[in-house]
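Below is one structure, written out as structure tokens, with a few remarks after it.
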Amino acid sequence: MKHYHLTTFGCQMNAHDSERMKGMLEGIGYFEAGEQADADLILFNTCSIREKADSRFVAHLGHAKAVKATRPDVLIGVGGCWAQSVKDELFAQFPFVDVAFGPGQVHKLAEFLTSDSLTAQGFFEFEGFAGDLPSKRARDVQAWVQISVGCNMNCSYCIVPSTRGREVSRPFNTLVAECERLAADGVREVTLLGQNVNAYGRDLRVGGDRRPRRFSELLRAVDAIDGIERIRYTSPHPKDMREDVIRAHAELPALCEHIHLPLQAGSSRILKAMRRTYDRSRFMDRVALIREHVPDCALTTDIIVGFPGETEADFAETLEVVEEVGFDGAFTFVFSPRRGTEAASITEGLVGHEEKVERMQRLVEVVQRRGHERAQRFVGRALEVLVEGPSRTDSARLRGRSRHGKAVNFTGSARAGAMVEVEIHSASSQTLAGEQSLPARALV
Ligand code: 5AD
Ligand code: SF4
């Protein structure tokens with residue numbers, strides 16, 4: 001009996017790729033090991049979005065090397081974005097690695113493992129979606145569905161277009177069938193994944209009229225599937241956030257009242273240097289349209305601080321936008337130069353480390369204060385919560401998520417996977433707290 005151990009870094013896309021790797025490995029007879037020490041195959045699914053992701057991973061790889069020194073038969077595999085981004089140097093720098101593959105080549109791992117030749121190999125082609133691999137889902141009632149691979153945008157700071165290739169949408173009917181299968185298997189919440197989800201379908205030519213498909217059509221088709229009670233998606237691009245997608249949030253019962261809309265910067269000058277293809281006013285205009293159609297919609301975002309050339313005045317514009325929009329939450333990042341990207345070659349106007357740290361502190365203060373204020377609208381309301389399990393901080397309580405994407409800790413008794421109603425008593429910028437409504441009103 002062979003065992004594998006897989007460590008995953010990075011985004012939801014990677015988490016889902018790992019589920020597919022696990023499904024595939026178990027399909028060829030491998031079992032999951034609890035620890036690397038018990039594994040015949042030590043695997044990593046890597047990320048390269050920021051420098052910290054790289055350095056964290058290289059430390060893990062050092063540990064795997066030590067395991068291999070004591071057990072030379074162990075196979076070491078490295079997949080994902082970091083592997084793709086260092087593909088030319090990988091085997092020279094890390095000779096103890098047996099197999100390496102980019103995010104598009106997950107399926108090649110099985111080919112490698114089942115082939116006779118076990119000399120070190122790398123697989124780094126881009127060939128669209130790598131087959132319909134079975135997934136080993138982390139949760140019974142929640143599933144990820146990858147709707148497209150790759151990215152056609154050209155954001156000057158971002159390594160992803162070079163690690164995941166050009167954008168390819170998966171066929172419409174395949175996706176609907178996949179969601180139907182998941183629903184039949186008990187899934188109640190699906191998260192549609194893509195680097196730029198709302199660009200979905202533009203490259204498709206379907207039906208007699210050979211016309212492209214729209215993301216909003218896919219949302220409608222998934223909403224119509226019996227059993228799918230919640231639909232989420234990540235990440236959309238502000239430039240493609242058109243009215244049909246926004247209206248869908250108001251019209252489709254399953255589509256959650258939460259949009260993660262990455263801002264990146266509040267200054268139009270910096271947005272231009274980032275090649276985001278929208279400016280401050282266009283972003284604000286999208287926010288206004290969302291608020292008009294879906295007033296209660298939660299809005300979250302990503303922001304980068306200290307992009308090359310960002311002046312104090314530019315940064316002040318980011319603070320203004322965050323203040324004005326009142327995001328429900330934000331992921332904030334310090335700019336990190338990435339190999340091969342346009343922004344990494346900028347040498348003028350670099351923002352010093354201390355300046356970045358100081359700006360980040362000011363930003364986080366506004367993000368948290370506005371998030372806290374926004375969250376107060378939930379106090380006194382009864383929210384639908386999908387139960388995930390015991391609370392992380394207090395095992396006597398339960399934890400789940402509201403349709404707005406808020407983590408909710410509450411007292412009650414329900415199994416993981418149940419949909420319950422929770423009366424919200426208090427709210428912080430990060431979490432809501434409350435009590436499950438009387439069983440008579442439970443939504444199970
Ligand atoms: N430096 C800092 N943050 C980055 N992101 C992407 N590339 C970089 C980089 N080079 C952030 C963006 C993106 C999120 C996933 O990571 O905000 O939306
Ligand atoms: Fe995900 Fe980007 Fe990291 Fe790749 S580099 S795993 S796409 S966050």
P(r) for the range 1-123, please, calculated from all Cα pair distances in 10 Å bins and given in %. 14, 51, 33, 2
Run through all the Cα pairs of the range 282-425 and give the fraction in each 5 Å bin from 0, expressed as whole percent. 2, 9, 15, 15, 15, 13, 11, 9, 7, 4, 1, 0
Once both label points are put 7 Å beyond Cα along the C-beta direction, the HIS63-ARG247 separation in nm becomes 5.1
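Residue separation times 0.36 nm, minus the C-alpha to C-alpha distance between ARG56 and ALA15: what's the value? It would help to have the intermediate numbers written out before the result.
Values: separation 41, 0.36 × 41 = 14.76 nm, distance 1.69 nm.
Stretched fully, the ARG56-ALA15 segment lengthens by 13.1 nm.
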What whole number of Å gives the distance from the Cα centroid of the range 379-444 to the Cα centroid of the range 68-127? 42
Spelling out what I want: for every residue of the range 76-87, take phi, set θ = phi - 60°, compute 6.51 cos²θ - 1.76 cosθ + 1.60 (Karplus), and round to whole Hz; glycine and proline get x. 10, x, 10, x, x, 5, 5, 4, 4, 6, 10, 4
Let me make sure I get this right: for the range 379-436, a, b and c are the square roots of the gyration tensor eigenvalues over alpha carbons, sorted descending. Under 1.5 in a/c it's rounded, otherwise prolate if a/b > b/c, else oblate. Which is it? rounded
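From the helices alone, meaning DSSP H stretches of at least four residues, give me the mean residue ellipticity at 222 nm for the chain, per-run term -39500 (n - 2.57), in deg cm²/dmol to the nearest 500. Don't jump to the answer; show the numbers that get you there.
Working: 13 runs with 145 residues, N = 444.
Counting only the DSSP helices, I get -10000 deg cm²/dmol.
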Sorted by packing (mean other beta-carbon atoms within 10 Å per residue), highest first, where do 147-160, 276-289 land? 147-160, 276-289
Can you list the residues, at least 5 places off or on another chain, whose amide H is less than 5 Å from the amide H of GLN121, using H built in the peptide plane? VAL99, ALA100
Output needed: Cys residues of the chain lacking any neighbouring Cys C-beta below 4.7 Å, sorted by number. CYS11, CYS47, CYS81, CYS151, CYS179, CYS256, CYS297
Provide the per residue accessible area, probe 1.4 Å, for the chain, rounded to a whole number of square angstrom. 43
State the extension gain, in nm to one decimal, for the chain segment bounded by SER428 and ARG282, taking 0.36 nm per residue of separation less the distance between their alpha-carbons. 49.6 nm
Once you place label points 7 Å from the Cα toward the Cβ at MET360 and GLU26, how far apart are they in nm? 3.7
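Set the Förster radius R0 to 35 Å, insert the Cβ-Cβ distance between ALA221 and GLU312 as r into 1/(1 + (r/R0)^6), and round the FRET efficiency to 0.05.
Numbers: r = 48 Å, r/R0 = 1.37.
About 0.15, to the nearest 0.05.
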Can you run phi through the Karplus equation (6.51, -1.76, 1.60; θ = phi - 60°) for the range 296-302 and list ³J(HN,Hα) in whole Hz, with x for Gly and Pro? 8, 4, 7, 10, 10, 8, 10
Once amide H atoms are placed 1.01 Å from N in the peptide plane, what residues at a sequence separation of 5 or more from THR341, or on another chain, have their amide H within under 5 Å of its amide H? none
Phi to ³J(HN,Hα) by Karplus 6.51 cos²θ - 1.76 cosθ + 1.60 over the range 28-42, Hz, x for Gly, Pro: 9, x, 8, 10, 7, 9, x, 9, 4, 4, 9, 9, 8, 10, 9
Over the Cα atoms of the range 100-195, what radius of gyration and what Dmax do you get, in Å? 15.5, 43
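So if R0 is 30 Å, what FRET efficiency would ARG211 and THR7 give, r being the distance between their Cβ atoms, rounded to the nearest 0.05?
Values: r = 43 Å, r/R0 = 1.43.
The computed FRET efficiency comes out at 0.10.
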Extension gain, ARG392 back to GLU373 (0.36 nm per residue minus Cα-Cα distance, nm): 4.5 nm
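Round to the nearest 0.05 the FRET efficiency obtained for SER162 and GLU125 when R0 = 22 Å and r is the Cβ-Cβ distance. All intermediate terms of the calculation are to be shown ahead of the outcome.
Values: r = 14 Å, r/R0 = 0.62.
The calculated FRET efficiency here is 0.95.
How many percent of the accessible area of the range 259-392 is carbon or sulfur, using a 1.4 Å probe? Could you put the intermediate results ahead of the total?
Numbers: 3130 of 5850 Å².
Solvent-exposed carbon and sulfur of the range 259-392 make up 53 percent of the total.
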Qualifying lysines (Cα of each under 19 Å from Cα of LYS356; at least 8 residues distant if same chain): LYS52
Using all Cα-Cα distances in the chain, what percent lands in each 10 angstrom bin from 0 up to the longest? 4, 19, 28, 28, 17, 4, 0
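The values are calculated or read from the model by the stated rules, or taken from the named source; none is laboratory data. Keep in mind that what you see is a predicted model, and the values were worked out from it rather than measured. Every residue, glycine as well, gets a Cβ built from its backbone with ideal geometry; the counts of neighbours run over all protein chains shown. When the accessible area is computed, the model is the full protein with side chains, heavy atoms only, and any ligands, DNA or RNA have been set aside. Shrake-Rupley method; radii C 1.70, N 1.55, O 1.52, S 1.80 Å.
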